[in-house]
1. Does segment 422-437 contain any residue that is among the β-branched types (Val, Ile, Thr), farther than 18 Å from Ala481 by Cβ and either under 21 Å from the mean Cα position of the chain (by Cα) or not assigned by TED's automatic domain parsing to the domain that holds Gly486 (or both)?
2. Checking Leu67 against (1) part of a loop (DSSP other than H, G, I, E, B); (2) within 16 Å of ligand 2 (Cβ to nearest atom); (3) of a type in the set (A, V, I, L, M), which single condition isn't satisfied?
3. Which condition breaks for Leu46 when tested against (1) among the aliphatic types (A, V, I, L, M); (2) closer than 24 Å to Lys172 by Cα; (3) assigned to a loop (DSSP other than H, G, I, E, B)?
4. Only residues that are without any contact (Cβ under 8 Å) to a residue 60 or more places away in the chain and within 19 Å of Leu160 (Cα to Cα): list them for segment 87-107, please.
5. Filter segment 119-151 for residues that are part of a strand (DSSP E or B) and within 16 Å of the chain's Cα centre (by Cα) and give the result.
6. Restricting to segment 164-190, name every residue that is in a loop (DSSP other than H, G, I, E, B) and of a type in the set (A, V, I, L, M).
7. Which of the residues spanning segment 55-73 are surrounded by fewer than 22 Cβ atoms within 10 Å (Cβ to Cβ) and touching a strand residue (DSSP E or B) at 6+ places or on another chain (Cβ under 6 Å)?
8. Exactly one of these conditions fails for Phe226: (1) assigned to a loop (DSSP other than H, G, I, E, B); (2) out of contact with any Leu (no Cβ under 6 Å at 6 or more places or on another chain). Give me its number.
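The values are calculated or read from the model by the stated rules, or taken from the named source; none is laboratory data. Everything quoted here is computed from the prediction, not taken from an experiment. Reconstructed Cβ throughout: ideal geometry from the backbone, glycine too, with neighbour counts over all protein chains shown.
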Amino acid sequence: MKVAIDMGATTGAAPATLDLEELLATRLLVQGNSGSGKSHLLRRLLEQSAPWVQQCIIDPEGDFTTLSEKFGHTVVDATRTEAELTRIAARVRQHRVSVVLNLEGLDVEQQMRAAAAFLGGMFDADRDFWYPVLVVVDEAQLFAPAAAGEVSDEARKLSLGAMTNLMCRGRKRGLAGVIATQRLAKLAKNVAAEASNFLMGRTFLDIDMARAADLLGMEKRTAEQFRDLARGHFIALGPAISRRPLPVTIGAVETSARSTSPKLTPFEAPVDAADLIFTADPDEAIRPVVRRAPAPPPPSTNDLLAQLSRARPPAEEAPVTLFPEIDEAERDAQIDAIMAELLGDPDASFRTVAVLYQDFLVRCRIRRVPGEPPALPAFKRRLAVARVAPDKEVAQSDGWQQALTMSETLTEDVQGVFLVLAQAALTSAPCPSDATLARLYGTHSSSRARRLLTWFEERGLLVVRLDFRQNRVVAFPDLSAETAAGDPNGPDAMADVRGAAE
Ligand SMILES: Nc1ncnc2c1ncn2[C@@H]1O[C@H](COP(=O)(O)OP(=O)(O)O)[C@@H](O)[C@H]1O
Ligand SMILES: [Mg+2]
């Protein structure tokens with residue numbers, strides 16, 4: 001019963017194969033910084049193994065929903081109650097349907113709760129339905145974080161418990177965990193430790209390298225090789241792959257799976273998959289609904305910026321109408337102009353948002369901006385965006401669009417700082433000093449600014465390093481860009497402007 005999953009090539013051009021049956025018994029951990037090719041690797045594994053085994057993907061970004069077209073996975077949108085997700089998961093096992101749990105658009109806490117509910121349903125399935133399932137969790141550090149974060153303790157416990165069950169006690173129930181993480185040091189140790197197979201990709205940070213060396217039983221020096229791995233290149237080790245560390249280049253995706261074994265019967269998904277799992281059996285116990293439907297997402301900074309940067313037609317003479325109407329575009333332009341005035345004041349950065357807002361309201365009245373002025377939350381979003389204002393070329397680049405998308409996961413008060421850093425990276429400008437970052441963050445405290453950088457780093461958004469002169473470089477693996485080296489103790493970039501203004 002040997003099924004060899006073709007993952008790509010080894011150095012000698014020999015195929016790199018994963019023994020599926022062994023994998024089901026011994027689980028897999030994939031680690032590599034953002035952009036190293038983990039999701040691609042998972043997709044390769046899923047595509048190649050789709051004909052052989054039922055699959056469930058816990059998908060924080062909605063990346064894997066495309067598997068439905070070619071491979072027949074049913075997409076389960078996670079914007080449901082937890083009870084409903086648990087019941088769907090039970091039916092997924094009963095009817096052996098391959099699914100993608102799409103968690104896109106939920107906030108971190110909701111993602112944790114939804115994943116916990118779904119994994120719980122898979123885990124608690126009736127003994128009759130303990131068929132093998134490959135359970136793939138991308139960005140596993142979100143669901144099994146090593147340390148308490150900003151989410152509630154309850155959500156963290158639920159999610160961590162579900163992940164621990166999957167990795168530690170899932171085997172008997174047919175659940176085979178395959179987890180990917182960008183930061184090994186951020187992943188709960190007990191969850192990582194249960195995988196016997198590893199695929200290690202590019203790793204920047206010493207602390208992750210040390211954890212990887214530890215897990216693999218390698219010398220730290222040997223683990224240094226992870227630093228220089230190219231995208232799509234991984235070092236493989238484990239009973240399902242190779243008994244010795246083996247360099248592997250992951251192959252292309254969207255290929256059809258090859259059948260290599262005459263013994264295992266191909267896994268056949270039922271034709272009416274969606275019906276089977278979304279429809280309750282008449283005698284299925286209906287448990288009370290625990291989870292509230294999530295609130296609709298707030299309007300995104302992306303939309304706002306797109307709106308702001310859209311070229312406006314030259315202002316025409318206002319048409320004279322009998323009925324005074326509020327011309328939205330004109331009003332928007334007026335508000336933009338007021339925002340620019342506000343921020344033109346060099347001291348603006350050190351005023352609290354509340355003070356700026358008061359000032360803003362007064363200016364709106366003076367300028368007779370029609371209609372209700374924007375409420376405080378809308379004002380804060382405009383402020384974050386207005387503070388960055390990239391030049392046209394950057395504003396239209398893919399990198400900038402991606403930076404905006406990334407910034408949406410952040411609260412308004414830190415979006416500005418994040419975007420300024422991203423802008424510096426995209427233009428290869430020197431990394432802003434602590435003093436500049438502090439001003440952008442609305443504080444005089446450099447240490448608060450540095451803590452914010454650490455916090456971004458912990459969320460996997462960027463990687464901070466110091467060069468040999470102790471100048472700081474901030475890399476954005478997702479944007480494939482990094483800032484030039486900048487002195488963290490340098491003066492505030494605005495200091496000159498202020499000096500000139502005084
Ligand atoms: N082996 C590969 N061959 C070709 N392209 C790849 C390979 N691995 C990754 N890529 C591409 O590189 C980009 C980043 O890969 P991704 O899997 O999303 O990284 P990660 O999930 O580690 O952040 C994607 O556009 C992906 O298509
Ligand atoms: Mg990914």
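1. First pass over segment 422-437, keeping only residues among the β-branched types (Val, Ile, Thr): 427, 436.
Cutting the leftovers down to farther than 18 Å from Ala481 by Cβ gives us 436.
Narrowing further to those that are either under 21 Å from the mean Cα position of the chain (by Cα) or not assigned by TED's automatic domain parsing to the domain that holds Gly486 (or both): none.
No; the residues of segment 422-437 include none that is among the β-branched types (Val, Ile, Thr), farther than 18 Å from Ala481 by Cβ and either under 21 Å from the mean Cα position of the chain (by Cα) or not assigned by TED's automatic domain parsing to the domain that holds Gly486 (or both).
2. If we test Leu67 against (1) part of a loop (DSSP other than H, G, I, E, B); (2) within 16 Å of ligand 2 (Cβ to nearest atom); (3) of a type in the set (A, V, I, L, M), just (1) comes out false.
3. (3)
4. Ala89, Leu101, Asn102, Leu103, listed by residue number.
5. So the first thing to find is which residues in segment 119-151 are part of a strand (DSSP E or B), and the list is 133-137, 145.
If the condition is that a residue be part of a strand (DSSP E or B) and within 16 Å of the chain's Cα centre (by Cα), then Val136, Val137, Pro145 are the ones that fit.
6. The initial filter retains those residues of segment 164-190 that are in a loop (DSSP other than H, G, I, E, B), namely 170, 174, 182-183, 188.
The answer is Ala188, and nothing else.
7. Result: Gly62, Thr65, Ser68.
8. That leaves (1) as the condition not met.
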